[in-house]
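Below is one structure, written out as C-alpha cells, with a few remarks after it.
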Amino acid sequence: MKRILYIILFFGLGTGYSQQDAMFMYYMFNNQSVNPAYVGSKQVISGTMLNRSQWTGFVGAPWSHTVSINMPLLNESMGFGASFSNDVIGPSTLNNLTVDFAYHLKFNNSDHRLAMGVKAGGNYTTLDLANLTLDNSNDPAFDPNTVGQFMPNFGFGFYYYTPKWYAGFSSPHLVNYDFNSTQRHYFIIGGAIFELNEELKLRPSTYLKLTENAPITMDLTALLIMKDRIWLGGAFRAPIGFIIPTNSKGGGFGLLAGLNINDQLSAGYSFGFSMGNQTFRYNGGTHEIMLRYDYLYKEKRIIKSPRYF
C-alpha cells in the first residue's frame, strides 16, 4: 500500500505542481501549444505532430502526444489555430482541445511584428483506478470506477517576431482546478537564427516555465542546420540558476536530429536522459518524434524561403 500511495503522490502531486503541462524537447516546433499569439505567423497552413514517450521501460511512465494546425485567417493580420493533446500518466489520462486566435500588428517600414493571441478550450481528465494493483481490493479509497471531469479554460499570449529572431510571453491555462491539482503556468520563449556561412546556420532557442510551488525551469537548445536540409543539436533542461543538471537539482540532457524532407515536410527525432529523480537509473530514457507539414498557397505564388520559426 505504501508503494501504491507513493506512486499516486509522485504522479499526482509531482506532475500536478511541477510538470502539469507536458514539456517537449522539440518545444521550438510547438510554440502554438503554449502561446496562442503564434498562430498565423508563418503565413502558411502549418500542421505539427509531436509524440513523446518518457522514461521508457518504466511501468506507468508518462506518454504524451499533440496535434496542432494553424493558418492565416482572412488576411495577414489574423491567425487561427486548433490543437489536441493527450497525456497518459499512470492511471490518469488528460485530453485537451483548444482553439487559438491571434492579431498580428505590422510596424511601418519594418519586417517586425507583434502578435496578441487568446486561447480557449478545455480538458477532460479521467482517473482509472481499476488499473492499480492493490493489496486490499476492497479498500474503499480506491473505487474501481473511472472518475472523470471536464474543465474549461482559457489563456493569452504575446509574440514578437522578425525573420531572424522571436520572443514571447504567455499563460495558456489561467483557471486552476482542485480535481487534478492544476496550477497556472507562465512561459517565456525565444529563439534566433544566425548564418555562419553559406551552408551552415545556428538556431538557438530557449523556453522558460514559471509556476507556483516549483522552481523556474529553463530549456536551452542549439541546432546546427546544414544546407537548410539537415539539423543536429543538443539541449539541456535545469532549474534556473543551475547551468548543468545534477542529481540533486534535477534536469536532463538531450540530442536532436532532423531532416527537411522537402519544402513542405519536416521530421525530427530526439533522445533525452533525465536526472534528479529515482527512476532515471531504471528506464530507457525519453524518445520524441516530430512531424511538420506546411501547405503552400499556390494561388498566392508564395515562394518558400526557409521558415525557421
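Only the coordinates and a few stated rules stand behind these numbers; no lab work does. The model shown is predicted, which means the values in this text are computed figures rather than measured ones. Here Cβ is always computed from backbone atoms with ideal geometry, including for glycine, and neighbour counts include all displayed protein chains.
Between R229 and L97, the modelled labels are 4.2 nm apart [label points 7 Å from Cα along Cα→Cβ].
Within 10 Å of each candidate Cβ there may be at most 12 other Cβ atoms; applying that plus a DSSP loop requirement, which trypsin sites (Lys or Arg not before Pro) in region 207-243 survive?
Values: sites: K209, K227, R229, R237; in loops: K227, R229.
Those satisfying the criteria are K227.
Close amide-amide hydrogen proximity is noted between H173 and H185, each under 5 Å apart and 5 or more residues distant or on a separate chain (H modeled in the peptide plane; Pro and chain starts excluded).
Approximating the spin labels as points 7 Å out from Cα along Cα→Cβ, the F273-to-T162 distance works out to 3.8 nm. Sorted fewest first by neighbouring Cβ atoms within 10 angstrom, V67, V175, V39 come out as V175, V67, V39. Note on Y295 and Y186: their simple-model spin labels are 3.8 nm apart, each label 7 Å out from Cα toward Cβ.
Beyond 21 Å between alpha-carbons counts as too far, so tell me which of K42/K119; K106/K164; K106/K227; K42/K106; K106/K209; K119/K201 fall in that bin. Pairs exceeding the cut-off: K106/K227; K106/K209; K119/K201.
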